[in-house]
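The values are calculated or read from the model by the stated rules, or taken from the named source; none is laboratory data. Fair warning: this is a prediction, and the values are worked out from it, not measured in the lab. As a convention, Cβ positions derive from the backbone with ideal geometry for all residues, glycine included, and neighbour counts pool all protein chains shown.
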Amino acid sequence: MSKEQLLRLIGSLIRAADGDLVNKRSCFPCPPDQHEYYKTVRDCFQTMYREADYTKSNAFKKEIAGKSDSLIEMKAKMLSAPTKRQAHQDKLLTQLCDLNEIGNASNYINIEHEPLFTKAAQNLARCNDA
């Protein structure tokens, strides 16, 4: 499988709450020397996905720059609705698991997850197509 396919597989497994299947070589067909890298990527992506909150992202910070406190509060409340939160999580995971979009994902992760994003990107860079 290619790196792109493996990345999408990680996303599908995370979305289905089966991210642990990456641990099983029989379920995750990556080159043996790259397995630890993919497990690290999965761990980072799972945390970013599970804790994703648009109001903690750089995109939101840019969006609210110069806005009134009441508008910021209203917007944050709207974005905390379960459906909005899930939509953000799904969009973020899709971006993280697409080699063409992963760079854009850095704007939508929680600011405190920037070290996780860097760690995932570094490990992903060590992976090659099988």
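Values as computed for the structure displayed
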{"item": "In region 11-49, the residues that are touching a Cys at 6+ places or on another chain (Cβ under 6 Å) and either under 13 Å from residue 126 (Cα atoms) or surrounded by 20 or more Cβ atoms within 10 Å (Cβ to Cβ) (or both)", "result": "11, 34, 37, 38"}
{"item": "Breaking point among (1) modelled with pLDDT of 95 or more; (2) outside any helix (DSSP H, G or I); (3) among the small types (Gly, Ala, Ser), for residue 130", "result": "(1)"}
{"item": "Flag for residue 52 being surrounded by fewer than 16 Cβ atoms within 10 Å (Cβ to Cβ), aliphatic (A, V, I, L, M) and either at pLDDT 95 or above or over 20 Å from residue 125 (Cα atoms) (or both)", "result": "no"}
{"item": "Residue list for region 85-130, restricted to those being surrounded by 14 or more Cβ atoms within 10 Å (Cβ to Cβ), among the charged types (D, E, K, R) and farther than 17 Å from residue 10 by Cα", "result": "85"}
{"item": "Search result, residues across region 85-124 that are out of contact with any Leu (no Cβ under 8 Å at 6 or more places or on another chain), more than 20 Å from residue 4 (Cβ to Cβ) and either of a type outside the set (D, E, K, R) or free of Cβ contacts under 8 Å to residues at least 12 places away in the same chain (or both)", "result": "86, 87, 89, 107, 110, 111, 113, 114, 115, 116, 118"}
{"item": "Output for region 55-66, where each listed residue is surrounded by 12 or more Cβ atoms within 10 Å (Cβ to Cβ) and either of a type in the set (Lys, Arg) or under 18 Å from the mean Cα position of the chain (by Cα) (or both)", "result": "55, 56, 57, 58, 59, 60, 61"}
